[in-house]
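Each reported figure results from applying straightforward, stated rules to the coordinates on display, with no laboratory input. Since we're looking at a predicted model, the values are computed, not measured.
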Amino acid sequence: MSEHIRIRLDRTVCDGFGACARHAPGYFSLDDWGYASLIGNGVVPECARDAVRRALFDCPVHAIVDDESPVFEARWGYAQ
């Protein structure tokens, strides 16, 4: 396993539940309307991996993804 993971936040998907900022406040902040922003460049060291993964798993709209997970893209009604 690598020493760090890289995460991405899709702000167009975020619905402002705030679970990410509760679990990993060092990596996510909330704006005035409650929508998340990624703090930093998305690189997460191993020491913070558990908190960030909890934020990833608890996001009800799956706005957070890590580069270790496969990304599926819908095109023309079919998952790729």
Amide H to amide H, which residues 5 or more places from F28 or on other chains are under 5 Å from it, using H placed in the peptide plane? I39
Scaled radius of gyration (Cα, divided by 2.2 N^0.38 Å) that region 1-63 gives: 1.03
Quick one: Karplus J couplings for region 14-26, per residue in order, coefficients 6.51, -1.76, 1.60, θ = phi - 60°, nearest Hz, x for Gly and Pro? 4, 10, x, 6, x, 4, 4, 5, 5, 7, 9, x, x
